[in-house]
Amino acid sequence: MESVLRWKKLTVGISALLFALALWGFSRMGGEFIPTLEEGDMTVEFSMMQGTSLTQMVESTTKAEEILIKNFPEVKQVVSRIGSAEIPTDPMPVERADIMVAMKPKETWREEVCDREEMQEAMEEALSVLPGVNIELTQPMQMRFNELMTGIRQDVAIKIFGDDLDVLADQAAEVARLIAPVEGVTEPTLEKVRGLPQVQVTYDRDRLAQFGLNVADINMIVKTAYAGSTAGVVYEGEKRFDLVVRLERGLRTDLANLENLYIPTPDGQKVPLSQVAAIEYKEAPAQVSRESGQRRIFVGFNVRGRDVESVVEEIEGILQKKFQLPSGYYYTFGGQFQNLREAKERLSVAVPVALALIFALLFFTFRSVSQAFLIFTAVPLSAIGGVAALAVRGMPFSISAGVGFIALFGVAVLNGIVLIGYFNQLKSEGVTDVLERVRQGTRVRLRPVIMTAAVASLGFLPMALSAGDGAEVQRPLATVVIGGLISATLLTLLVLPCLYVYFEKWFGKGMKPVVASLAILALALFPKTGTAQTTLTLDEAIAQAKSNNLQIKAGTTRFNFNKRCAGRHTTCRKRISARNWGSTIPGNSTRASASCRKFPIRATAAPGWPSPIPIPALPNCR
């Protein structure tokens with residue numbers, strides 16, 4: 001302590017430097033909305049080309065299940081769900097499936113796949129042998145949580161808005177190509193808005209006019225051949241069924257049969273459909289997704305090995321330099337990154353409010369702005385340890401860490417309250433030397449300060465070391481509190497005494513907090529409204545007091561009045577009295593009653609009065 005008090009400026013400067021380094025490290029820490037939970041199970045998002053039949057999907061998912069069970073002894077059970085259920089609470093097309101992989105306890109996993117990310121990479125590599133399949137591995141709750149929050153299953157989505165589906169699809173493919181090499185980005189997934197195979201019949205209207213045909217009649221024939229038309233009704237008792245006519249199933253699957261479909265002409269002849277129309281397979285829109293009334297397509301991806309915020313910031317830089325959308329088109333980011341930004345905006349309001357409440361409680365406790373500010377310095381001192389603890393454990397900033405900072409700031413000021421409160425007690429007991437007060441207070445309050453921090457730190461220690469369910473959310477919160485209390489305790493015992501010495505020098509000598517603070521503020525804001533003090537001698541001060549004292553003026557006036565009556569040899573029956581004479585303000589009229597012989601009576605005012613006080617003549621004078 002002696003060394004610290006000897007080098008006070010150096011101690012305060014080092015603490016300020018550490019706080020600046022903490023701010024610099026926090027700005028480069030990265031962030032995520034909520035830490036990824038270790039659910040224990042896996043989910044394989046399985047998708048194939050548009051228009052894939054149900055038979056092909058069943059065959060492909062069965063092969064995927066066999067690969068997982070054969071190559072991974074850690075897998076306990078595999079179940080696939082293709083398309084939508086009868087109650088479409090989770091609508092999906094037939095060409096998409098979710099493969100739920102139940103895993104054995106993590107303690108039984110092999111050493112080469114000891115964690116979740118390594119297991120996911122190994123499974124993706126094993127399933128990559130399946131042709132025409134897109135694979136994305138995640139966890140069941142994580143996938144559902146992302147889908148419920150943002151409508152997208154991936155951690156991050158780049159949403160592109162516009163009018164033309166073909167333009168949207170081309171721009172999405174370009175975005176996927178640009179972000180694929182970014183570290184931490186899994187294989188980008190494009191929303192499929194086109195690619196559905198469709199037979200298109202384009203009529204040659206000149207040929208139709210040559211044969212005397214019209215489009216409506218040909219459409220009816222094509223519809224009857226493939227979709228069917230009602231030709232009658234079949235009755236079975238009370239039941240009634242439509243009789244539908246159409247081509248056989250085998251004939252409907254061959255495009256040549258459609259080309260050779262005969263169309264009757266008005267003159268009784270028949271011409272094949274291929275002579276009056278062009279028939280071909282083309283890709284048609286598979287789905288049209290809208291958000292806020294606009295068409296949109298998204299490029300989704302999961303993040304591995306990095307935090308979401310740093311990945312998105314790198315992608316934003318790449319897209320700003322290398323990606324240009326046509327006029328009327330724009331893109332936004334969704335998923336967990338959007339949730340993180342919204343949560344940060346809410347924290348930007350909650351944290352200042354919490355700090356303001358802490359400062360207000362400190363002010364009401366000590367009735368001093370200076371001492372409240374002095375104790376409030378524990379907040380930046382505790383933030384140093386919180387940021388350092390997150391960096392040491394390799395944790396990015398998350399919402400749970402933000403809540404931990406709020407709790408930390410409330411607990412950290414307790415050390416300052418314990419220390420400053422005892423300093424004030426010593427001051428009231430007569431210890432006037434500031435340095436001696438600091439030495440005694442720090443020595444006596446060392447144990448209470450350490451115990452105050454130790455109770456909170458040890459209470460959060462199980463959360464910091466937890467490895468059970470939900471530990472991923474608990475660990476950042478506990479890490480921030482423990483690390484912050486360690487730095488706050490050490491720096492409070494060293495830096496706070498130095499600051500107390502400076503504050504006593506600047507604001508001290510018994511200056512009462514509220515009055516002193518308001519006086520300083522008033523003098524700072526209105527420096528020219530005050531009046532300088534004037535030095536008076538003792539005689540001048542006595543003369544000024546006599547001239548300004550109303551009671552002295554009233555007594556002098558009564559004395560002069562009685563003396564004047566006696567000088568005229570007047571015998572007064574009654575003593576002249578002035579009602580409330582002494583308290584009368586000069587300038588107000590005061591009436592007196594008197595009984596004299598033959599003359600009116602007027603009193604002479606005392607020196608300093610503006611004019612004599614009139615007393616009217618009375619009729620009963622003799």
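The values are calculated or read from the model by the stated rules, or taken from the named source; none is laboratory data. Just so you know, these numbers come straight off a predicted model, no measurement behind them. Here Cβ is always computed from backbone atoms with ideal geometry, including for glycine, and neighbour counts include all displayed protein chains. Surface accessibility is based on the protein's heavy atoms, side chains included, excluding ligands, DNA and RNA. Shrake-Rupley method; radii C 1.70, N 1.55, O 1.52, S 1.80 Å.
Would you check if there is a residue in the stretch 368-390 being within 20 Å of the chain's Cα centre (by Cα), open to solvent by 60 Å² or more (accessible area, probe 1.4 Å) and either of a type in the set (S, T, Y) or under 19 Å from T489 (Cα atoms) (or both)?
Among the residues of the stretch 368-390, not one is within 20 Å of the chain's Cα centre (by Cα), open to solvent by 60 Å² or more (accessible area, probe 1.4 Å) and either of a type in the set (S, T, Y) or under 19 Å from T489 (Cα atoms) (or both), which makes the answer no.
Which of the residues spanning the stretch 126-138 are part of a helix (DSSP H, G or I) and either in contact with a strand residue (DSSP E or B) (Cβ under 8 Å, 6 or more places away or on another chain) or within 14 Å of R304 (Cβ to Cβ) (or both)?
Hit for the stretch 126-138 is L127, nothing else.
Please specify each residue of the stretch 109-120 satisfying the condition of being in contact with a helix residue (DSSP H, G or I) (Cβ under 8 Å, 6 or more places away or on another chain) and surrounded by 13 or more Cβ atoms within 10 Å (Cβ to Cβ).
W109, V113, E118, M119, listed by residue number.
For residues that are modelled with pLDDT of 90 or more and among the aliphatic types (A, V, I, L, M), scanning just the stretch 223-242, find the one that is nearest to P272 (Cα to Cα).
V233
Here are the criteria: (1) open to solvent by 70 Å² or more (accessible area, probe 1.4 Å); (2) within 30 Å of L37 (Cβ to Cβ); (3) of a type in the set (V, I, T). Tell me which single one V288 does not satisfy.
(2)
How do the pairs read when you match residues in the stretch 363-383 that are basic (K, R) with residues anywhere that are assigned to a helix (DSSP H, G or I) and open to solvent by 40 Å² or more (accessible area, probe 1.4 Å), using Cβ under 9 Å and keeping only pairs 6 or more apart or on different chains?
Sorted first by the residue in the stretch 363-383, then by its partner, the pairs are R367/V514.
Please work out if V271 is at pLDDT 80 or above and in a strand (DSSP E or B).
yes
Going through L247, L213, L251 one at a time, which residue ends up being under 30 Å from V271 (Cβ atoms), assigned to a loop (DSSP other than H, G, I, E, B) and open to solvent by 40 Å² or more (accessible area, probe 1.4 Å)?
Only one candidate passes the filter, namely L247.
Residue by residue through the stretch 139-193, note down the ones that are within 19 Å of A284 (Cβ to Cβ), assigned to a loop (DSSP other than H, G, I, E, B) and open to solvent by less than 10 Å² (accessible area, probe 1.4 Å).
Correct list: V193 only.
Is it true that some residue in the stretch 323-344 is free of Cβ contacts under 8 Å to residues at least 12 places away in the same chain, open to solvent by 80 Å² or more (accessible area, probe 1.4 Å) and not basic (K, R)?
yes
Condition check ((1) assigned to a helix (DSSP H, G or I); (2) loosely packed, with under 14 Cβ neighbours inside 10 Å; (3) touching a residue at least 12 places away in the same chain (Cβ under 8 Å); (4) touching a helix residue (DSSP H, G or I) at 6+ places or on another chain (Cβ under 6 Å)) across all residues:
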| residue | (1), (2), (3), (4) |
| --- | --- |
| T52 | no, no, yes, no |
| M57 | yes, no, yes, no |
| E66 | yes, yes, no, no |
| V78 | no, no, yes, yes |
| V94 | no, no, yes, yes |
| D98 | no, no, yes, no |
| E107 | yes, yes, no, no |
| A122 | yes, no, yes, yes |
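Of the residues that make up the stretch 198-205, is at least one buried (at least 16 other Cβ atoms within 10 Å of the Cβ) and not β-branched (V, I, T)?
Yes, the stretch 198-205 contains at least one residue that is buried (at least 16 other Cβ atoms within 10 Å of the Cβ) and not β-branched (V, I, T).
Of the residues in the stretch 27-48, how many are farther than 21 Å from V75 by Cβ, out of contact with any strand residue (DSSP E or B) (no Cβ under 7 Å at 6 or more places or on another chain) and open to solvent by 20 Å² or more (accessible area, probe 1.4 Å)?
5
Output the residues belonging to the stretch 73-126 that are of a type in the set (S, T, Y) and more than 39 Å from the chain's Cα centre (by Cα).
At the first step, the residues of the stretch 73-126 found to be of a type in the set (S, T, Y) are 80, 84, 89, 108.
Listed by number, the list holds a single entry, T108.
Are there any pairs, at least 6 apart or on different chains, whose C-beta atoms fall under 9 Å, with the first in the stretch 279-307 and free of Cβ contacts under 8 Å to residues at least 24 places away in the same chain and the second aliphatic (A, V, I, L, M) and part of a loop (DSSP other than H, G, I, E, B), and if so, which?
Pairs found: none.
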